[in-house]
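Take a look at the structure below.
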């Protein structure tokens, strides 16, 4: 936005006012009440105006969801840019606004990359690091070399007519064309919900290949200046060395700045209101510093974001963290919009267009073909070493998703036309390739993916059992992977985790944040029952275990718990309508409904229910990163739910395992006999040792206590029942009311069968929880005085002595 | 992280296990390392609480079911051999495996895998998935918004679809039949790290 010349009518007005203002003499004829000072505000005004226009364009585009689901937003923005460019050109006869490299590289790109780095799922990234590096480095080099050489070959073969380009220049062109663009990739992949591994590989590759691109571009640029004859082995070796320096140097700079940010946020307690500012400023400085040292600026800012995310999220106040995230998204989204609009505008410029059919078409062809070849070949090699091979479909998507974007254009415009005579041709070609990939490939990406998915998917009706079992398998595999340590157990990673915990967290994280981290997990890993109870009550007091009592309490696990853990907790972004899933539930559902109109409505409901509510599990495909959405999504609760449930039942089993149980069979008898007695009914409270509302809700579904195969039941723990009113009318949970209950019962303990749960006042004693099957403990003694109150209790005859405690299944 | 054969010999019954389960020496070694990692008390046996060290299991709806599958009914601990045997179920099926009829069905055959899956449901090992057992699994797999009545109707429907002999329970054969279109080998295998 630097070629600012004013529009014609502005010109007239300013000339008018300047005449009135300054006149031809030096005397003002009168005091001007209002003056029009365009030049005064010209630059900032235009900048602001453009931002506004871009935003309005986005508004218009997003108005209709149907359009955006077919054509990716980036393509629409480019078209919008075409229109705008046409208007401006029509008015001015010259393209006054275009996307200049300075503006692009300094003001528009950094925030996008910072957002990418900050929101990057680190664990996923690093576990696929090998693959990403191979694609980024070797893939990009291959793209560059193959493109350059092929074009040169074609040139020699005469396909392109008369062009003043040598081999080196072709290679230079190849290197700027080779880079897959992060901006474009995200924009398109948001539409297509792909699995997270595929996503991280393409995304990671697009970020890391900047290191290669910068080196290649600079090296070939230097070669072109030197001239072909001066290139010898020394220069080539220097080139290779410079690659390592640029890449690692850039990452190091980013890393250092990331540490700086973390350290800084550790001390900003008193200026919380401007905490977020530091993140952005230092991030930008990381970018500029790397640029200054001619290292890879993109790598720098990516690593800065990745390095600091964990610490600043813990150190900063919640509101600051939210602010940082929101502002990042606003900036990134805004920049992306402006970039695409200007990419469109820049096209409408007569001066840059040079058309050479052979060059352009061949470039397009080679870019596509070599991408496919490169990806397939590299994947073939990689799959030999990968635990989970990259599937064919993923490879196709990865190849097809190798979009070029504004980075290539920016580099092309930066070419020196004195050294490279055919600069305009290159710029034109770059633009054409960018449009082709972003618009055409963007539009056809989704249909392609769907077509491929459908080909793979099993056709036919699935029974409920199959659907459930499909999910069971997924969960099972994830569990077995975790148990056998397939994913987590890695020598280097363990070493890094240890180092990190010992040193980095101590230095970079606030002490209070550190303490909160794996508090609850320590609790549940305690094997000693007593300790567990003590921790739990303490935790309850502090409020961090609120969920144990109150299932609607929402704890921000991410903030409180081990970051390891929060990595496992996904940002679930996929909508259910678009599952990349061998069980194509949604389409099947429609199929079912149309085909089986005769089926009773209830059956369809069952399938629908299943479809809606089955937990997705970790294998399900989700977006971890999105530029246009924040990660507030109802599916996040899924993991919370599972976690809460599991922890509740485990806690219960701790108690049951140690405190003794009564055998299962008895409960059935009790049930049948004693259902009327409300006294008896209160025993069922014991089944929900952890559920402490006064009214056990009528629909037990609201507390889905997992009535498990465990044979144990807890003795009631006084710590957990302070507000229990034993006289409250309780309903028998339906699962107990059923006659056939075999292994799904949790029996009240012996003690509980004899005595009622207590009123609040007496329950403060925790200590004397003796570990014995016969709970003749101090509670009994303590309860004795109050026993007289319970005259109207009809206590059943004591059950026969319990069998030895059943196995301690968790 | 050496995987020399000599250290495999330190593991009792290693050769036997390798034969029985089809794991290679490197696999056994690795699994042994993992076993020892989980066995914090160094007593050679794992208890259910030890599996708690695997934090991600808390996030798995059927995590606890899987843990209990490692323990045979009545047993409170699992030793290394049993640990490996259970994990052997998840080895990819060996194609072109020729064996004479006398040999025992390998752990990772489709039938054995299915049996394992069946046992997820059939906790009391009576050979049938009763309605209550099915309800349990469904309960674990579905979100809390699903009410009890809805659960019941789903279980009802599931049994209806699968139960061929109308005994209101799903036997192993019925289970197998209802899953015959599923590629068990693919859905129930993981590649073990060397």
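Quick check: residue separation of residue A:48 and residue A:29 times 0.36 nm, minus the Cα distance between them. What number comes out in nm?
Working it through step by step, the gained length comes to 3.4 nm.
For the stretch B:107-194, what is Rg from Cα atoms divided by 2.2 N^0.38 Å, rounded to two decimals? Mind dumping the intermediate values first?
Details: Rg = 14.3 Å, N = 88, 2.2 N^0.38 = 12.1 Å.
Expressed relative to 2.2 N^0.38 Å, the Cα Rg reads 1.18.
Suppose R0 equals 41 Å. What FRET efficiency, 1/(1 + (r/R0)^6) with r the Cβ-Cβ distance, do residue B:177 and residue A:318 give to the nearest 0.05?
Working: r = 53 Å, r/R0 = 1.30.
Rounded to the nearest 0.05, the efficiency is 0.15.
What does the highest-first list of A:297-303, A:419-425, B:44-50 look like by mean Cβ count within 10 Å?
On the way: A:297-303: 30.1, A:419-425: 17.6, B:44-50: 19.9.
Going by the mean number of other Cβ atoms within 10 Å, highest first, we get A:297-303, B:44-50, A:419-425.
Which order do the peptides A:108-120, A:233-245 take when ranked by the mean count of other beta-carbon atoms within 10 Å per residue, highest first?
Packing proxy ranking, top to bottom: A:108-120, A:233-245.
If you average 1/r over all unlike Cα pairs in chain B and invert the result, what Kirkwood radius do you get in angstrom?
The Cα-based Kirkwood calculation yields 18.7 Å.
Starting from the 7 Å offset along Cα-to-Cβ, what nm value, one decimal, do you get for the label separation of residue A:372 and residue A:145?
Here the modelled spin labels are 2.2 nm apart.
Taking the stretch A:193-275 on its own, what percent of its Cα-Cα pair distances exceed 19 Å?
Working: 2096 of 3403 pairs.
Here the tail beyond 19 Å accounts for 62 percent of pairs.
Could you put A:310, A:123 in order, starting from the residue whose Cβ has the fewest other Cβ atoms within 10 Å?
A:123, A:310
Need one number: nm distance between label points at residue A:272 and residue A:238, each 7 Å from Cα along Cα→Cβ, rounded to one decimal.
5.5 nm
Would you mind giving the mean number of other chain beta-carbons within 10 Å of the Cβ of each residue in B:166-178, as a whole number?
On the way: counts 0, 0, 1, 0, 1, 0, 0, 0, 1, 2, 0, 1, 6.
Mean partner-chain Cβ count within 10 Å for B:166-178: 1.
Please give, to one decimal in nm, the separation of the simple spin-label points placed at residue A:59 and residue A:41, each 7 Å out from Cα toward the Cβ.
For residue A:59 paired with residue A:41, the spin-label model returns 1.9 nm.
Among A:317, B:173, which comes first, then next, by fewest other beta-carbon atoms within 10 Å?
B:173, A:317
Could you compute Rg(Cα) / (2.2 N^0.38 Å) for the stretch A:222-262, with N its residue count? Mind showing how you got there, number by number?
Working: Rg = 15.5 Å, N = 41, 2.2 N^0.38 = 9.0 Å.
In units of the 2.2 N^0.38 Å rule of thumb, it is 1.71.
Across bins of 10 angstrom width beginning at 0, how are the C-alpha pair distances of the stretch A:331-440 distributed, in whole percent?
With a bin width of 10 Å, the distribution comes to 13, 35, 28, 18, 5, 0.
Mind checking the mean number of beta-carbon atoms from other chains within 10 Å of the Cβ atoms in B:149-156?
Details: counts 3, 6, 7, 3, 5, 10, 3, 4.
The shielding value for this peptide is 5.
Evaluate the Kirkwood expression for the hydrodynamic radius of the stretch B:13-90, namely the inverse of the mean inverse distance over all pairs of different C-alpha atoms, and round to one decimal in Å. Please list the in-between numbers first.
Details: mean 1/r = 0.0768 Å⁻¹.
Radius from the Kirkwood sum: 13.0 Å.
Which whole number gives the average, over all residues in B:79-92, of C-beta atoms from other chains lying within 10 Å of the residue C-beta?
Whole-number average of other-chain Cβ neighbours for B:79-92 is 1.
All of the numbers you see were taken from the coordinates with simple rules; none came from a lab. Fair warning: this is a prediction, and the values are worked out from it, not measured in the lab. Heads up, the Cβs are rebuilt from the backbone with ideal geometry, glycines too, and the neighbour counts pull from every protein chain shown.
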